[in-house]
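Undergrad: The structure follows.
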Amino acid sequence: MKIQWNLLFGIIFALIVAVFAVINVDSVTVNYLFGTGEWPLILVILISVLLGGLMIGSAGLIKIYSLQRKWKAAVKENESLQLRLQELEPVQTSEAEPVETITAPTK
């Protein structure tokens, strides 16, 4: 359900940006570090949204990659601890004192 809501919000956001960009078709001056240029405002808006989306997407991918690495490390640690536990269980049962069982007298 969360994916469906994210998709719905993404489509609504894309429609709002598209309408906003189509309304603003005037040429604007864009100042670069090394000069200036005339660009249609629609392109400036769309490129800005695209670059923002790429930055957010790349940050998300980095976070996912980091979590996957942590997950793999946790799985390996869990496996090694499970093996260690299996090695220690026979030792503990052999060192334990035998338990006496009490039975009820029969008639």
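All of the numbers you see were taken from the coordinates with simple rules; none came from a lab. No experiment lies behind these values; they were computed from the predicted model shown. Glycine gets a Cβ as well: all are built from the backbone with ideal geometry, and neighbour counts include every protein chain shown.
Undergrad: Quick one: which residues, 5 or more positions from Ser27 or on another chain, have an amide H under 5 Å from its amide H? H modelled 1.01 Å from N in the peptide plane, none for Pro or chain starts.
TA: Leu41
Undergrad: If you don't mind, there's one more thing I want to ask. Trp39 versus Ser58, label points 7 Å from Cα toward the beta carbon: distance in nm?
TA: Each label point lies 7 Å from its Cα, and together they span 1.6 nm.
Undergrad: So, one more: Taking 7 Å along the Cα-to-C-beta vector as the label spot, tell me the Val17-Glu87 distance in nanometres, rounded to one decimal.
TA: Modelled inter-label distance: 5.4 nm.
Undergrad: Let me know the shape class of segment 1-58, please: from the alpha-carbon gyration tensor, a ≥ b ≥ c as square roots of the eigenvalues, rounded when a/c is under 1.5, otherwise prolate if a/b is greater than b/c, or oblate.
TA: Oblate is the answer for segment 1-58, as a/c is 1.5 or above yet b/c matches or exceeds a/b.
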